[in-house]
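> Attaching a single structure in structure tokens format; questions to follow.
The values are calculated or read from the model by the stated rules, or taken from the named source; none is laboratory data. Quick caveat: nothing in here was measured; it's all calculated off a predicted structure. All Cβ positions, glycine included, derive from the backbone under ideal geometry; neighbour counts span all protein chains shown.
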Amino acid sequence: MQKNITIIGTGAYGTALANVLADKGNNVVMYGVVEQQVDDISINHMNQSFFRDLKLNENIQATMDFVASLEKAEYIVLGVPTKALPSVLKDLSKYLKKEVVIINTAKGIDEQDVDLLSKYIINTLQPTRYLKGYCGLYGPSIASEVASREPTYVNIASNDIELAKEVCDVFTNEYFFAKPSNDLPACEISAALKNVIAIAAGMIDESGLGDNAHASLLTYGLNEIYKIAKVFGAKHDSFTNYATMGDLVLTASSKKSRNYTFGRMIVQENSAKKAREDCDFTVEGVGTCEVANKILDKYHVESKLFKVMYEIIYQNKAPKALLQALFTL
Ligand SMILES: NC(=O)C1=CN([C@@H]2O[C@H](COP(=O)(O)OP(=O)(O)OC[C@H]3O[C@@H](n4cnc5c(N)ncnc54)[C@H](O)[C@@H]3O)[C@@H](O)[C@H]2O)C=CC1
Ligand SMILES: O=C(CO)COP(=O)(O)O
């Protein structure tokens, strides 16, 4: 049945998911803060800031009016980067007037409490009494491929498995396949941490270490992610699904990944500081690397990989320290 869905954010992923949901026959409204993107979507049925001349589903509407965008919403997709969530949640708390299901796509960790992002979102919205349920959508899904209607599998994770199944039905169409998971901590911690491994993979590949080293890093990285996710209650069985292994393999191997590309820039410029200054696109792994370091301290978890990535990105350690940490005795 047709659902009323509002997507917050007219960026790459929000737009790709708007297309998925509209192709399924849902009513989709996008809320954006960049006038040129909002106009491009509603007038030209394109979002050329991210997808050049790709034609989007013509039924997608876009607006800069936050209150109007929420009017009919039954489901709200959070399609903004982690750092934009506090302001979006503040506005939602103020303007929500009816019950909604929240579907978060931001891949991050709550920096303030060093805890699950889902906890932060739920705790912020629960006092409104309009939070009907919460899911996270994670998986190997480069936005441009999703927008081009290339086949993609993701997990919809929720503590309420019946809700996860319901939301899977809302998203699944002939090229986008959503599968339910009840392991929110595994899916969301992995979705965040894999971006740091993707930066490391870009560094390893740009250093010309070869495919063996690349695969070794991914294996090492998946084990380190599990070690950290366990602290939040993640189950080992969940580490072969789309949100965990799938997204790690993709993001740490694809030249279309921004985190991976940023890792290559670090080696090209021989400085993470310089790469950060030159980087003008969203790289969630940079912020996540800092919170990951706080997790190691707070929960007394040891991780050579996350530690050295923190030192490289935040403490000016030379990029070659990654190779020394992982590939020397
Ligand atoms: N791009 C991709 O392939 C995928 C991205 N993701 C995740 O989705 C999240 C969003 O990423 P992207 O869409 O790629 O980022 P993006 O950089 O393409 O777009 C971010 C959008 O958020 C908007 N925005 C920022 N603050 C806002 C606010 N307060 N209110 C409304 N809109 C606001 C910006 O105007 C921009 O349109 C990230 O956490 C990312 O890791 C997940 C899967 C795939
Ligand atoms: O998370 C992603 C694919 O699933 C997108 O990765 P990047 O943010 O590195 O482009």
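> Tell me which residues, restricted to the stretch 146-157, are more than 8 Å from ligand 1 (Cβ to nearest atom) and on the phi < 0 side of the Ramachandran plot.
Scanning the stretch 146-157 gives Ala147, Ser148, Glu150, Pro151, Thr152, Tyr153, Val154, Asn155, Ile156, Ala157.
> Let me ask you something else. Quick one: would you say Ile142 is surrounded by 15 or more Cβ atoms within 10 Å (Cβ to Cβ), of a type outside the set (S, T, N, Q) and away from ligand 2 (no atom under 16 Å from the Cβ)?
Criteria not met by Ile142.
> Output the residues belonging to the stretch 125-140 that are in contact with a strand residue (DSSP E or B) (Cβ under 9 Å, 6 or more places away or on another chain) and either in a helix (DSSP H, G or I) or within 15 Å of Ala178 (Cα to Cα) (or both).
Matches in the stretch 125-140: Leu125, Cys135, Gly136, Leu137, Tyr138, Gly139, Pro140.
> Determine whether the stretch 236-246 contains at least one residue that is modelled with pLDDT of 95 or more, under 15 Å from Met309 (Cβ atoms) and either outside the structural domain of Val291 (by TED's automatic domain parsing) or within 16 Å of ligand 2 (Cβ to nearest atom) (or both).
no
> Taking the condition of being in a loop (DSSP other than H, G, I, E, B), within 16 Å of ligand 1 (Cβ to nearest atom) and more than 29 Å from Asp297 (Cβ to Cβ), how many residues in the stretch 206-263 meet it?
4
> Still on this structure: Restricting to the stretch 265-303, and then to whatever is closer than 17 Å to Lys194 by Cβ and of a type in the set (D, E, K, R), can you tell me which residue is farthest from the chain's Cα centre (by Cα)?
Looking at residues that are closer than 17 Å to Lys194 by Cβ and of a type in the set (D, E, K, R), I get Glu290.
> To continue, here is another question. Can you run down the residue pairs with Cβ atoms below 6 Å, 6 or more apart or on separate chains, where the first is in the stretch 253-270 and over 13 Å from Phe281 (Cβ atoms) and the partner is modelled with pLDDT of 95 or more and in a loop (DSSP other than H, G, I, E, B)?
Every condition considered, the pairs that remain are Ile266/Pro319; Val267/Ser207; Val267/Pro319.
> Would you please list the contacts, defined by Cβ atoms under 6 Å and residues six or more apart or on different chains, that run from a residue in the stretch 285-312 that is assigned by TED's automatic domain parsing to the domain that holds Asn270 to a residue that is surrounded by 14 or more Cβ atoms within 10 Å (Cβ to Cβ) and acidic (Asp, Glu)?
Val291/Glu111; Ser303/Glu224; Leu305/Glu224
> Would you list the helices (runs of 4 or more DSSP H) that sit entirely within the stretch 26-110 and hold 2 or more residues that are aliphatic (A, V, I, L, M) and surrounded by 18 or more Cβ atoms within 10 Å (Cβ to Cβ)?
Qualifying helices (runs of 4 or more DSSP H): 85-95.
> Can you name every residue in the stretch 157-178 that is over 17 Å from Leu21 (Cβ atoms) and part of a strand (DSSP E or B)?
Ala157 - this is the single residue of the stretch 157-178 that is over 17 Å from Leu21 (Cβ atoms) and part of a strand (DSSP E or B).
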